[in-house]
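Have a look at the structure below before the remarks.
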Amino acid sequence: MEASFHVLVLLMYLHCAAGFNNCLKILPDSIDKIYVEVGTDFTATCCLQDDSHHTSDDIEWKLDNISLPKHLYHKINATAVSVTFTVSQDMRGFLTCFTSQKSLSYVNPCMYGIFLEKGYLPSKPKNLSCLALQEGSNFSPNLRCFWNPGNRDTLLNTTYTLHASLDYGFEQSTPTSFQHVCTERLARNCTVNLSTFPVHIGLRVWVTVSDALGSVNSDELLRESFAFAKPNPPDVQVLADVIYSTVMVEWKHHISNIELRYVIRYCQAGSSVWTEVSEESTEISSESFRLQALQPYTLYDVQMRCIVKNHQSYWSDWSRNATNRTAEAKPASKPDLWRIIQSTSDSRNVTLLWKAPVKANGIILRYDLKITMKKDSKFKEVITSVDHDPHRLYQTYSMELSAKTMASIEIIAASSAGVSPKATLVIPLSNQDPSGVERLSWSLRDGQLWVEWMPPVANLLRLSEYLLEWEKVSLDDHQRDKHWQRVKANVNSTTLTGHFEPFKRYNISVYPVYTLQKYTQAGRPVTTAAYTQQGPPLEGPTANITKSKKTSAEVKWTEIPLHRQQGFITNYTIFYKTGNVEKSVTVNSDNRSCVLTNLTSESEYGVHVMASTVAGSRNGTDFNFKTQKYADGEVEVIVVLVCLSFLFITVFIIMLFLRKRETIKQLLWPQVPDPSVSSIAHWSPDFPVKANIPKEDVSVVEVDVFDGKSLCEEDKAVLPLKKDKYMSEEHSSGIGGSSCMSSPRHSVSDSDEGDSGQTTTSTVQYSSVVASGYKGQTPNHQPPVFARSESTQPLLDCEEHPEHLHDSRNSYFRRAKGVELGGLVQEGEESNESSLTFCPMEEMSPIVEDPPTPCYMPQQNSYRPQ
Amino acid sequence: MNVRNMIRLPQRSQAKHRIIFVVLFLTAVESTQPTKQARCENPSCSQHLHRGLKLIKFMNVTTAQLLKTYKASNGDSMDLICDMQMVNVPVSTISGQSISERISSVYTRLKEFLPHLKTVMEQQKDFEPPTNPVAEGLKHLIAYVDLISPIVNCLLQILQPNMPIPEPAERPTGMPPAQNTFQQKAYGCIVLSRLQEFLSKAFHELKSLRGKDNIM
């Protein structure tokens, strides 16, 4: 390296010494680009020409217009300076050399430059392989080769030359060779045309990669020419054979004069498990092969591929599927028989279900069904045929069976090639099913339902298998499709193989199946519900208020239909809101009602119920209710209290009335003096006083009959007082005019002149004869005193009815000015001016005149003016 | 003693004659079996011979198929036409007494057929589109002749290193003059027929070179 460097420098020096016309020259120089390899050192020499006025000290190097460090310089002599630097990838490559004198000078500066093109040597192609496909009946002369060019770009124009030459195994004076140039950068493949694909001859292939910095060859690929050939797959067809388990495979290969070996593979249509027939099994010259030991009436896909004898070539691709069906055979397995029993009150509706035999080996045409029913030692046999409906998953047959009837069913499937083995089933008497499995549970494994259970309690029957039945819960019970599968008796868990829709509820039942002689019998089922995927309910619960109270309310809701639940309801949440305050209560999924407490009375509440599953929630519709103003019984209590109070008051009043009936009677219906019983009726100056008339003190009471109003008010005011007053028993009788018998005469009271105007027309003046005796007491022997009475009341014929005398006799009263005042006093206005005082009975004078001191006697009876 | 000698003399002369006869016989036999020396028994020769046999067999079958295609594409009367005699077409016979001469004849004959095949191919290109199956087949056949010729040459050099290998003229003098269409079709068919016959014979000639250890 060092020696070559010195040689180069020497050559440059000599070159420089030879002289140039310019004042400067760079070596190496080229009219084209100078290619340099990235990462290597590059040396250039700047030479001063003879006519230059500069020295080597004036020389300066610049790369991409940036001065190179001085330590990279190497002064060769007084007129030449070289520079050595490492070519970097980011170098643009414009290398200049110029001279200038640092001191003031008139010498013109000189400059010279070259352009460096950086790049890499091409990488050696690796993993060379070539391929000649079949075209027509020959292999294509176009040999397509592939290689790995490496990842490094050369940064330069690169050519890939693909060489191919025939190799005879000996030296040839004029070897036959072919080549093709591909100019794509980092080319990975190229195709060379061999004119005619050589046969039975060696072929040598290699790739030469070249750029401006050099070239490199790949490793040579020397093989027999067929080693590069890839034949097309043969045209295959499969012919059905009369033998049910075989098919004939025939093929043709359109390739000239080349011995090929074939491999056949086949599988059932739709399957990806292939069975291969080795190439040794197919004779070279043969173009047919019979596949044996196949399943009857089964579609088979057949493919073939080929290779040049002795594996000289590539394998061809597999041919396209050639499909055909094997011939029919009699069914090899029995139908899968099952039943659905729907019990009613006294009978059972039995639906027999069966699937076609798994190994039908042909088209099932019909099923022959034999049903033997036994009831009370009497047998009845039903034999029927059911046509096979290929569009249905399973066939059905329904029958009625009483609870006390046992049935045994036998069924066979028939095809054109024969009948299947017999499937049997026993339907025992009602409620005599053997024991069922225990602890049934399910889980999800890889999105599929995995069911586990424990074996049933041992009994006398032999457990032969388990039957797992499932159905999708739908709105319409009639649309429920039953599915079932069987597992062996020693298996206690399995995956349900079927299409399970997400968000749909499935009822899974496990039946133990027992063997009883030649019949099978199912035990009691154990059922559970399952989902393959849960989601939020499709609808919320429909709720309402059943009991709304003052501070509580009961919310009830209906269960969401199963087909709308989309999962197991985990809980219900009741949201209730009044104003801006919302509360919620969460209850278990078992609940269908909830009592909301601590509500505000007489308030409007908005309520909705939310149902939740593990996958989400759904709100029900909102509804409103209003709490009551009163609590339960509160109104009743009030009503009762009011009623009781009313009753009490009523009773009290009644009692009061009863006790004070006389008083009230007197108040309401004051007793009218009965003139007929008045002693005056018998009084006449001409008639002596009857001896039988008791001698009583008679006082004449002057009664003024006012208008009702005045009297009423007065009565009201002075009632208490009058009571006592009226309690006194006095006889009174009215004397009008001159005689009691005469017509009443209006008179004006002397003592009541103020009222005279009012009473002139309405007052009847009576004269009362008051006996001196009182209350049966013997009056004093004083002559009766006549008192004049003024009353408008017509005189009653009391004179003609002396029996009433007693009543009227005991009541007497007078109305004086003091009474009226007394009424006022009662109103509290002038109590001091005219107060009333009770007078003792003894002090009462028989003749009532205007006493100096107004007083009342207690009265027992009184009457009101009528 | 004399009697015995008298008797022995003729016995000796008879034995001497017998020895001479055996020597002469063996010499004669040896001289009539030159192929023993020409047997291709070394590995290199066996390899080339093996490749040559496969190639000639392949060419033979290919020529037969091509001839069938040729007849099919040129009319029903081709069978009769192909049996016609035509002097300018190389014969299918292999000449020579020794195996080397016969192999040399094979090589020469291959070279002789080559220009005729090219001529037929050009004629077929004129009859049909250039990519017709016969022309394509002839093109491949010419390439195969080019492939087999060096192999036969190599075998010849191995068998008789010192024997010069005659190279036929590039354009044989026996090429037919200008022909009409019928003559061209007959010419092509005859060339292919004779080539097939020749290849069949050549295969047997090469096969006779095969040593006991070489089993194809």
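If you check every pair at least six apart or on different chains, which have Cβ atoms under 7 Å apart with a residue in segment A:221-242 that is among the β-branched types (Val, Ile, Thr) and open to solvent by less than 40 Å² (accessible area, probe 1.4 Å) first and a residue that is at pLDDT 90 or above and not in a strand (DSSP E or B) second?
Short answer, once both residue conditions are applied: A:VAL236/A:SER319.
Out of A:ASP686, A:ASP632, A:ASP674, report the one residue that is modelled with pLDDT under 80 and closer than 30 Å to A:LYS547 by Cα.
A:ASP632
Of the conditions (1) closer than 22 Å to B:ALA202 by Cβ; (2) of a type in the set (Gly, Ala, Ser); (3) within 14 Å of another protein chain (Cβ to nearest Cβ), B:SER100 clears all except one; give me its number.
Result: B:SER100 fails condition (3) only.
Would you check if B:VAL61 is at pLDDT 90 or above, assigned to a helix (DSSP H, G or I), open to solvent by 30 Å² or more (accessible area, probe 1.4 Å) and closer than 30 Å to B:ASN153 by Cβ?
When the stated conditions are applied, B:VAL61 passes them.
Among residues belonging to segment B:115-131 that are within 14 Å of chain A (Cβ to nearest Cβ) and open to solvent by 10 Å² or more (accessible area, probe 1.4 Å), point out the one that is farthest from B:ILE165 (Cα to Cα).
B:THR131
Under 8 Å between Cβ atoms, at least 6 apart or on separate chains: pull out the pairs that start in segment A:37-65 with a residue that is on the phi > 0 side of the Ramachandran plot and end on any residue that is hydrophobic (A, V, I, L, M, F, W, C) and not in a strand (DSSP E or B).
Pairs that qualify, where the first residue is on the phi > 0 side of the Ramachandran plot and the partner is hydrophobic (A, V, I, L, M, F, W, C) and not in a strand (DSSP E or B), are A:GLY39/A:VAL87; A:ASP64/A:MET91.
Could you please find all residues in segment A:175-221 being among the hydroxyl-bearing types (Ser, Thr, Tyr) and either touching a Phe, Trp or Tyr at 6+ places or on another chain (Cβ under 8 Å) or more than 14 Å from chain B (Cβ to nearest Cβ) (or both)?
Within segment A:175-221, A:THR183, A:THR191, A:SER195, A:THR196, A:THR208, A:SER210, A:SER215, A:SER218 meet the criteria.
Residues that are among the basic types (Lys, Arg), at least 2 per element: which strands (runs of 3 or more DSSP E) completely within segment A:371-452 meet that?
So the answer is A:378-387, A:438-445.
Looking at segment B:64-81 only, could you name the residues that are more than 23 Å from A:LYS309 (Cα to Cα) and assigned to a helix (DSSP H, G or I)?
B:LEU67, B:LYS68, B:THR69, B:TYR70, B:LYS71, B:ALA72, B:SER73, B:MET78, B:ASP79, B:LEU80, B:ILE81
Of all the residues that make up segment B:132-145, how many are surrounded by fewer than 17 Cβ atoms within 10 Å (Cβ to Cβ) and either under 18 Å from the mean Cα position of the chain (by Cα) or more than 14 Å from every other protein chain (Cβ to nearest Cβ) (or both)?
0
Condition test on A:GLU279, is it open to solvent by 60 Å² or more (accessible area, probe 1.4 Å), free of Cβ contacts under 8 Å to residues at least 60 places away in the same chain and among the acidic types (Asp, Glu)?
In short, no.
Take B:GLU136 and decide whether it is modelled with pLDDT under 90, of a type outside the set (A, V, I, L, M, F, W, C) and closer than 24 Å to A:THR176 by Cα.
Yes; evaluated as a whole, the condition is true for this residue.
Please pick out the residue among A:ASN151, A:ASN127, A:ASN77 that is assigned to a strand (DSSP E or B) and surrounded by fewer than 13 Cβ atoms within 10 Å (Cβ to Cβ).
Just one listed residue meets the conditions, A:ASN127.
What tally of residues in segment A:161-174 results from selecting those that are surrounded by fewer than 18 Cβ atoms within 10 Å (Cβ to Cβ) and facing chain B (nearest Cβ under 9 Å)?
Selection size over segment A:161-174: 3.
Against the conditions (1) within 14 Å of chain A (Cβ to nearest Cβ); (2) open to solvent by 10 Å² or more (accessible area, probe 1.4 Å), where does B:LYS71 fall short? Just the number, please.
(1)
Looking for whichever is out of contact with any strand residue (DSSP E or B) (no Cβ under 8 Å at 6 or more places or on another chain) and either farther than 30 Å from A:GLU602 by Cα or in a loop (DSSP other than H, G, I, E, B) (or both) here; the options are A:LYS550, A:LYS504. Which one fits?
A:LYS550
Tally time: how many residues in segment A:335-360 are open to solvent by 20 Å² or more (accessible area, probe 1.4 Å) and farther than 21 Å from A:GLN432 by Cβ?
5
Taking A:CYS145 as meeting all but one of (1) more than 13 Å from every other protein chain (Cβ to nearest Cβ); (2) hydrophobic (A, V, I, L, M, F, W, C); (3) open to solvent by less than 50 Å² (accessible area, probe 1.4 Å); (4) in a loop (DSSP other than H, G, I, E, B), write down the number of the exception.
(4)
Looking at (1) open to solvent by 40 Å² or more (accessible area, probe 1.4 Å); (2) of a type in the set (A, V, I, L, M); (3) touching a residue at least 12 places away in the same chain (Cβ under 8 Å), which one does A:VAL473 not meet, given that it meets all the others?
Failed condition: (1).
Conditions first: (1) open to solvent by less than 20 Å² (accessible area, probe 1.4 Å); (2) away from chain B (no Cβ under 14 Å); (3) closer than 30 Å to B:LEU155 by Cβ. A:THR158 passes all but one, so which condition is the exception?
The failed condition is (3).
State all residues of segment A:115-169 that are aromatic (Phe, Trp, Tyr) and within 30 Å of B:THR62 (Cβ to Cβ); if no residue qualifies, say none.
Once the filter is applied, which keeps residues that are aromatic (Phe, Trp, Tyr) and within 30 Å of B:THR62 (Cβ to Cβ), segment A:115-169 yields A:PHE139, A:PHE146, A:TYR168.
Looking only at segment A:545-585, filter to residues that are hydrophobic (A, V, I, L, M, F, W, C) and in contact with a His (Cβ under 9 Å, 6 or more places away or on another chain); which one of those is surrounded by the most Cβ atoms within 10 Å (Cβ to Cβ)?
Among those that are hydrophobic (A, V, I, L, M, F, W, C) and in contact with a His (Cβ under 9 Å, 6 or more places away or on another chain), it is A:ILE574.
Of everything in segment A:85-100, what is open to solvent by less than 40 Å² (accessible area, probe 1.4 Å) and either assigned to a strand (DSSP E or B) or at pLDDT 90 or above (or both)? Give them in sequence order.
Scanning segment A:85-100 gives A:PHE85, A:VAL87, A:LEU95, A:THR96, A:CYS97, A:PHE98, A:THR99.
The values are calculated or read from the model by the stated rules, or taken from the named source; none is laboratory data. Everything numeric here is computed off the predicted structure, so don't read it as measured data. Every residue, glycine among them, receives a Cβ derived from its backbone with ideal geometry; neighbour counts consider all protein chains shown. These area figures cover heavy atoms from the full protein model, side chains too; ligands, DNA and RNA do not enter into them. Shrake-Rupley method; radii C 1.70, N 1.55, O 1.52, S 1.80 Å.
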